[in-house]
Each structure stands twice: as C-alpha cells, then as structure tokens.
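Right, one structure below, let's go through it.
The values are calculated or read from the model by the stated rules, or taken from the named source; none is laboratory data. As the structure is a computational prediction, the values presented were derived from the model and not from experiment. Cβ atoms come from the backbone with ideal geometry, glycine included; neighbour counts cover every protein chain shown. Accessible surface is based on the protein model in full, side chains and every heavy atom, while ligands, DNA and RNA are left aside. Shrake-Rupley method; radii C 1.70, N 1.55, O 1.52, S 1.80 Å.
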Amino acid sequence: MAVPLFGFMGIILQKTKLAEQLLESMGKLFGSVRGGLAISTILVGGLLAASTGVVGASVVAMGLISLPVMLKYNYDKKFATGTICAAGTLGQIIPPSVILIILGDVMGIAVGDLFKAAVGPGLILVFSYIAYILIFTSFNKEAAPAIPTSDDAGSKMHQYRLAIVAILPPLILMLIVLGSIFTGIATPTESSALGGVGAIVLALLYRQFSWRMLFESSLETIKITAMVFAILLGATAFSMAFTYSGGDTIVEEALLKLPGDKVGFLILSMLVIMVLGFFIDFVEISFIIVPMLAPVADALGIAPVWFAILIAMNLQTSFLTPPFGFSLFY
C-alpha cells in the first residue's frame with residue numbers, strides 16, 4: 001500500500017512547481033561560489049528525494065529548470081548533465097524511497113528500520129557529491145564559473161528569506177512523514193497516506209491545486225503501481241518455479257563456497273547487481289535477484305538491514321549506467 005501512496009505524494013509535489021521554487025532560491029544563494037549552481041542542484045535533489053522519492057520526476061524537473069541556467073552561465077555540458085543525473089538518483093536511497101519499501105518486503109525487514117538506516121548514507125552521498133563538485137571546479141575553473149551577484153546586504157537577506165520560504169514547506173512535510181515512522185507513531189503505510197494528504201495541502205498553499213491535477217496525478221500513480229505489481233507477479237512466478245526446481249539450493253551452495261567468505265560474497269553480489277543494472281530495472285533486480293542473495297547473506301551472518309542498504313546504494317547506478325540508464329534518457 002505504501003508504494004502507490006508515496007508515488008502519489010511524489011507526483012502531486014512534482015506538479016506543485018516545488019522543484020522550480022527550490023532551484024531558483026538555492027541558485028541565487030550559492031551562485032557566487034564556483035560550481036554554485038551544481039551545488040544547489042545537488043541540495044535540491046536531496047530535498048526532492050526526501051519529499052518525492054521519484055527519480056524520473058526529479059531528473060526531468062531539474063533538467064528543465066536547472067540545465068538552461070547552467071548552460072546560460074557557460075557550465076560544461078557534461079558536468080551540468082552529470083550533476084543533474086546524479087542528484088536525481090538520490091531519490092533511490094533517501095527515504096521515503098520506493099526501493100526501500102520493496103527491499104523491506106522482499107527481505108522481510110521492517111520498512112521503518114530501512115528508512116532510519118538510509119538517512120546516514122543518503123546524507124554522506126549528498127556531501128560527497130558537493131565535495132566532488134568543489135574539488136572538480138577548483139581544478140577545472142572553466143567548467144563551472146561563478147555567477148556575479150550583488151554584494152548588497154539587503155538583497156542577500158532577501159535571498160535568505162526566499163530560500164527559507166521555499167525550503168520550509170517540503171521540509172515540514174518530510175519531518176512529519178519520516179518523523180511519524182521513526183518515532184513509531186505511524187506505520188509506513190499510514191505515514192504514506194499522511195504524506196499524500198500533506199502533498200495536497202502543499203498544492204493548495206502553492207495555489208497549484210485543481211481537480212484536473214488531482215485526476216492526472218492519480219492516473220500517473222495507477223500507471224506506476226500497475227508496472228510495479230506486474231513485475232511483482234512475473235517475478236513471483238519465476239522465483240516459485242526456480243525454487244520448486246531446486247535452483248535456489250544450487251545458487252546458495254555455490255555462493256557459500258566462494259573464496260573469502262563474507263567479503264567474497266559481498267564483492268560478487270555487488271558486482272552482479274551493478275552489472276545487471278546496466279540492462280534491467282531496479283524493480284526487477286529487487287524481485288528476482290535479491291531473493292536469491294538474501295538467504296546466503298543470512299547464512300553468512302551478514303546484518304540484513306546493512307545488506308539491504310548496500311543493495312539500495314548500488315541500485316542507484318542502474319539509473320546512470322548505459323545502455324539503459326533511465327536518468328540519461330530523461
């Protein structure tokens with residue numbers, strides 16, 4: 001139930017022009033720093049990930065709004081597009097993420113525990129991207145020039161105020177949704193329903209609400225949900241046939257005999273997931289491959305939550321790796 005509801009919340013927020021307001025205010029705030037527009041794109045990507053969790057929506061929104069501004073100020077095209085693609089995939093790891101809900105279900109882990117565990121790695125990734133941008137632009141000064149801004153104290157205060165006004169509403173919604181899960185007040189399903197209502201309230205606040213928008217968002221949610229559940233049906237049929245024919249036992253025995261024990265298994269499983277990410281979607285990997293790996297990880301004594309977060313981090317690459325990198329197509 002949480003998958004369609006979090007999807008609905010993300011689509012409603014995408015239609016409220018939330019990304020535009022965040023990017024405009026952040027861009028003005030960091031523009032005077034070399035690579036400032038790229039840094040603001042990463043920060044907005046993190047905020048969008050925490051409030052929408054929809055990778056496609058984040059990449060498209062930032063591509064339409066942030067890319068023209070970056071190109072206008074002579075940013076290197078590869079650097080600009082790479083930043084947008086990387087920022088967009090943060091929706092895969094920063095909760096409330098659809099992939100974490102799926103992994104929780106497949107591996108039999110409480111989704112709330114996965115959400116808690118994913119916050120740290122998500123933030124580390126955001127700061128790592130920012131550090132990379134600062135290092136890259138210090139060596140390649142022409143790749144991301146600083147934007148000339150006014151030094152007037154009054155205009156700077158105005159920019160800070162605009163940034164706070166743009167950030168606060170999605171931040172409050174994020175704290176309500178995740179806070180209710182982390183404190184145990186609500187289950188992920190209940191908090192996703194709360195998030196859906198909160199997104200509609202934000203749409204009303206931003207004066208973007210209309211019955212047509214609500215209908216379109218619901219239709220889009222149904223499409224995404226139908227896709228996920230169609231894959232689930234196919235994957236369940238595959239895994240049942242695979243299990244009944246004894247395939248899972250053969251795979252488990254082979255993986256348990258790997259050299260290097262836990263480390264050998266982790267290296268191989270992460271490599272397999274990464275290579276598969278070149279060709280198939282993160283949902284298929286979660287439903288077909290993860291059920292084969294989870295029992296082996298359990299037999300080797302690997303902490304299931306830690307293993308699930310490793311997989312979620314790795315699955316981000318499926319959006320970036322050609323020939324089927326969805327973020328690149330977006």
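For the range 108-197, what class follows from the C-alpha gyration tensor (a ≥ b ≥ c being the square roots of its eigenvalues): rounded when a/c is under 1.5, otherwise prolate if a/b is larger than b/c, else oblate?
Verdict is oblate for the range 108-197.
Using a simple charge model, +1 on the beta-carbon of Lys and Arg, -1 on the beta-carbon of Asp and Glu, nothing else, what dipole does the range 229-330 show about its Cα centre, in debye to the nearest 20?
Using Cβ point charges on Lys, Arg, Asp and Glu, the range 229-330 gives about 160 debye.
By how many nm would the segment from residue 165 to residue 299 grow when fully extended, if each residue of separation counts as 0.36 nm and the alpha-carbon distance is taken off?
43.2 nm
Report, to the nearest whole %, how much of the accessible area of the range 146-256 belongs to carbon and sulfur atoms, 1.4 Å probe, protein only.
Answer for the range 146-256 is 72 percent, counting heavy atoms of protein chains only.
Below 8 Å between Cα atoms, with a sequence gap of 6+, how large is the relative contact order for the chain in percent?
Value for the chain: 26 percent.
Once each part is reduced to its C-alpha centroid, what is the distance from the range 304-330 to the range 236-271 in angstrom?
That distance is 20 Å.
At 1.4 Å probe size, put 15, 156 in order of accessible surface, largest to smallest.
So, going from the largest accessible area down, we get 156, 15.
My understanding is that a pair violates if its Cα-Cα distance is over 19 Å; which of 72/156; 28/72; 116/223; 78/141 do that in this structure?
Violating the 19 Å limit, Cα to Cα: 72/156; 116/223.
In whole Hz, with x marking every Gly and Pro, tabulate ³J(HN,Hα) for the range 6-21 from phi via Karplus 6.51 cos²θ - 1.76 cosθ + 1.60, θ = phi - 60°.
Listing the rounded values in order: 5, x, 4, 4, x, 5, 4, 5, 4, 7, 8, 6, 4, 4, 4, 5 Hz.
For the range 118-214, what does the accessible surface come to per residue with a 1.4 Å probe? Please give it in Å².
It amounts to 60 Å² per residue over the range 118-214.
Please give the contour-minus-distance gain from residue 127 to residue 32: 0.36 nm per residue of separation, less the Cα-Cα distance, rounded to one decimal in nm.
Going from the current span to full extension adds 32.3 nm.
Against the longest principal axis of the chain, how steep is helix 111-139, in degrees 0 to 90 to the nearest 10, with axes from Cα atoms?
The helix 111-139 is inclined about 50 degrees to the chain.
Describe numerically, in nm with one decimal, the distance between label points set 7 Å from Cα along Cα→Cβ at residue 256 and at residue 72.
Inter-label distance under the simple model: 6.2 nm.
Would you mind checking which residues have amide H under 5 Å from residue 97's amide H? H placed 1.01 Å from N; only 5 or more apart, or other chain.
So residue 97 has HN proximity to no qualifying residue.
Could you give the length gained on full extension between residue 134 and residue 275, defined as 0.36 nm per residue of separation minus the Cα-Cα distance, in nm?
47.8 nm
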